[in-house]
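All remarks here apply to the structure that follows.
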Amino acid sequence: MRFLRVYTGIMVFLTSQALWANLACEKSLIITLDSGPILSFEEAAKTFDKSTFYWELVNYDIIGGKQRKLNLGTIKFAQAKELKSNEIVVVTTRGFFHHFKIQEINPKDKSEEDGRIYSKLFGFAFASFSEPKQLLLSSDQDYIGFLGPGGVLFHSNGEKYELLFSQGMSALHHVKDKVFVHDSDVARYYELDGTMLEKQYEKNDKILAAIPHPTDLSQMIVADGKKLLKINKEDNSKKILLKALQPTQMASLLYSPFALYLSLSNDRMIHLFSVANNYEKVVERELSSPIINLSWSFDDRFLLVQTIYDLFIFDTAKNVWMDLETMKFKNIAQTYWLNNDAYLMTLGESYDDPKNWTITFWDPHSGNYLPEQKILKSESSYIAPFIANHNGSLFSSNFSVYFVTAGGSLYRWGELLNF
């Protein structure tokens with residue numbers, strides 16, 4: 001079991017990339033990170049096997065294009081706000097977005113209000129019908145960020161701020177009250193009103209990826225050409241973490257939620273560093289196909305590495321790899337960590353049942369999976385629905401998952417009975 005020493009007076013904000021903490025005083029406390037599963041896998045499988053699930057349409061047209069016969073495109077991103085899981089933001093391939101709140105459904109007690117959605121903000125992210133490259137939701141700052149032809153921020157009051165000279169930027173990151181962006185030449189910060197700040201880093205070769213430290217505006221990690229660098233603007237120091245990157249291939253950087261680890265994917269290579277130990281390398285591995293996705297469990301323990309064909313999980317507590325059995329799947333379209341149970345949820349298409357999407361819950365401690373569930377393909381059957389959010393524990397009767405289809409429908413899949 002590992003522990004994280006933090007401090008009292010702490011303010012915590014949970015996001016998909018980092019759990020930020022404002023340290024207020026010197027009196028310390030201990031947070032346990034690596035408690036094992038409450039149920040053994042055998043107990044969990046028995047409990048899960050007794051459950052009955054339902055698939056229910058909540059809203060036919062969450063973007064309004066079908067009703068008005070408008071070509072707003074298909075859904076490109078669908079994501080819930082971390083601290084307000086009943087609020088979801090979707091954005092289409094033509095740059096139209098909708099931020100809405102869901103009226104929770106009680107399947108045992110239907111009413112007219114159940115299943116309604118309430119609009120908070122909607123419109124076009126960009127001046128032209130441009131496809132977005134990234135959707136960024138802040139937790140502690142009330143805005144939505146989009147990256148497409150340039151960077152754009154929409155605040156909750158509807159005000160829009162364009163990030164000047166952000167054309168061609170590759171990624172948006174939220175850090176405290178700033179936005180961090182980079183392209184292949186420079187990395188810099190912007191204020192939340194779009195004001196551009198001075199350059200934080202300028203390339204030596206070509207910036208493949210860059211990411212700021214979740215709590216320290218002066219620190220960043222940059223993959224520049226063949227080198228992975230740790231930059232500290234406060235003392236102008238530079239530390240080389242790697243010297244053998246593949247500069248012609250894709251690279252991706254991701255901090256774990258508590259920022260205890262930094263992960264780097266570069267083509268088929270995965271590298272993991274311990275942030276607490278001055279970015280000492282923990283593990284590296286070369287896989288058989290290019291890496292397309294990295295994702296951390298909420299407690300910093302498990303790193304999911306997804307390639308074109310396979311899924312791998314690295315357990316930081318045991319320092320071991322788990323290769324998941326995915327041979328029966330034609331593809332794994334969606335992956336999603338359940339915060340309440342530390343199970344990995346996937347949505348895939350199996351070779352033996354092409355008419356349905358297969359929902360699988362993987363136990364990262366053992367690599368086993370619970371009895372699979374099926375949902376019938378609908379609308380654009382070749383595009384998997386997005387897993388937008390979930391509520392409750394997988395092993396309780398209040399568990400539910402919201403799915404958003406490419407065509408713009410909202411569905412709820414959940415547990416109805418648990419004997």
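The values are calculated or read from the model by the stated rules, or taken from the named source; none is laboratory data. The structure displayed is predicted, hence computed values, not measured ones. Heads up, the Cβs are rebuilt from the backbone with ideal geometry, glycines too, and the neighbour counts pull from every protein chain shown.
For residue 160, are the conditions met, namely being among the charged types (D, E, K, R), surrounded by fewer than 22 Cβ atoms within 10 Å (Cβ to Cβ) and closer than 19 Å to residue 209 by Cα? No: the conditions fail for residue 160.
Being modelled with pLDDT of 95 or more, part of a strand (DSSP E or B), in contact with a strand residue (DSSP E or B) (Cβ under 6 Å, 6 or more places away or on another chain) and of a type in the set (A, V, I, L, M, F, W, C) holds for only one residue in 58, 91, and it is 91. Among the candidates 85, 119, 130, the residue that is in a strand (DSSP E or B), modelled with pLDDT of 80 or more and not acidic (Asp, Glu) is uniquely 119. Of the residues contained in the stretch 230-244, none is found to be aliphatic (A, V, I, L, M), touching a residue at least 60 places away in the same chain (Cβ under 8 Å) and surrounded by 19 or more Cβ atoms within 10 Å (Cβ to Cβ).
Residues that are of a type in the set (Phe, Trp, Tyr) and under 29 Å from residue 217 (Cβ atoms) are absent from the stretch 317-325 altogether.
Condition check ((1) surrounded by fewer than 20 Cβ atoms within 10 Å (Cβ to Cβ); (2) in contact (Cβ under 8 Å) with a residue 60 or more places away in the chain; (3) closer than 29 Å to residue 244 by Cβ; (4) polar (S, T, N, Q)) across all residues:
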position: 142; (1), (2), (3), (4): yes, no, no, no
position: 149; (1), (2), (3), (4): yes, no, no, no
position: 152; (1), (2), (3), (4): no, no, no, no
position: 186; (1), (2), (3), (4): yes, no, yes, no
position: 193; (1), (2), (3), (4): yes, no, no, no
position: 197; (1), (2), (3), (4): yes, no, no, no
position: 206; (1), (2), (3), (4): yes, no, yes, no
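One residue is enough: does the stretch 221-231 have a residue meeting the conditions part of a strand (DSSP E or B) and within 25 Å of residue 299 (Cβ to Cβ)?
Yes: the stretch 221-231 contains one or more residues that are part of a strand (DSSP E or B) and within 25 Å of residue 299 (Cβ to Cβ).
State yes or no: is residue 153 hydrophobic (A, V, I, L, M, F, W, C), under 30 Å from residue 72 (Cα atoms) and in a strand (DSSP E or B)? Here the answer is yes, as residue 153 does meet what is asked. Every condition in (1) crowded, with 21+ Cβ neighbours inside 10 Å; (2) in a strand (DSSP E or B); (3) over 16 Å from the mean Cα position of the chain (by Cα) holds for residue 408 except the one numbered (2). Consider the stretch 73-82 and keep the residues that are modelled with pLDDT of 95 or more and hydrophobic (A, V, I, L, M, F, W, C). The one that is surrounded by the fewest Cβ atoms within 10 Å (Cβ to Cβ) is 77.
If only one of 378, 350, 397 is over 21 Å from the mean Cα position of the chain (by Cα), of a type in the set (S, T, N, Q) and within 26 Å of residue 98 (Cβ to Cβ), which one is it?
Checking each option against the conditions leaves just 378.
Summed over the stretch 376-398, the residues that are crowded, with 17+ Cβ neighbours inside 10 Å and either in a strand (DSSP E or B) or at pLDDT 90 or above (or both) give a count of 8.
Any residue at all in the stretch 139-146 that's of a type in the set (Ser, Thr, Tyr) and over 26 Å from residue 75 (Cα atoms)?
No - not one qualifying residue is present in the stretch 139-146.
The residue of the stretch 313-360 that is farthest from residue 274 (Cα to Cα), among those that are among the β-branched types (Val, Ile, Thr) and outside any loop (DSSP other than H, G, I, E, B), is 358. Applying the selection to the stretch 314-328, what residues are crowded, with 19+ Cβ neighbours inside 10 Å and within 13 Å of residue 360 (Cβ to Cβ)? Selection gives 324, 326. Within the stretch 199-214, the set of residues being under 17 Å from residue 259 (Cα atoms) and not in a strand (DSSP E or B) comprises 213, 214.
Scanning the stretch 251-261 for residues that are buried (at least 19 other Cβ atoms within 10 Å of the Cβ) and over 20 Å from residue 339 (Cα atoms) yields 251, 253. Note on the stretch 156-198: residues that are among the acidic types (Asp, Glu), part of a strand (DSSP E or B) and more than 16 Å from residue 219 (Cα to Cα) amount to 2. Only one of the numbered conditions (1) under 26 Å from the mean Cα position of the chain (by Cα); (2) more than 20 Å from residue 268 (Cα to Cα); (3) not in a loop (DSSP other than H, G, I, E, B) is violated by residue 239, and that is (1).
Just one of the numbered conditions (1) over 20 Å from the mean Cα position of the chain (by Cα); (2) farther than 19 Å from residue 41 by Cβ; (3) surrounded by fewer than 18 Cβ atoms within 10 Å (Cβ to Cβ) is not true of residue 371: (2). Within the stretch 297-327, the set of residues being of a type in the set (D, E, K, R) and in contact (Cβ under 8 Å) with a residue 40 or more places away in the chain comprises 299, 300, 301, 315, 323, 325.
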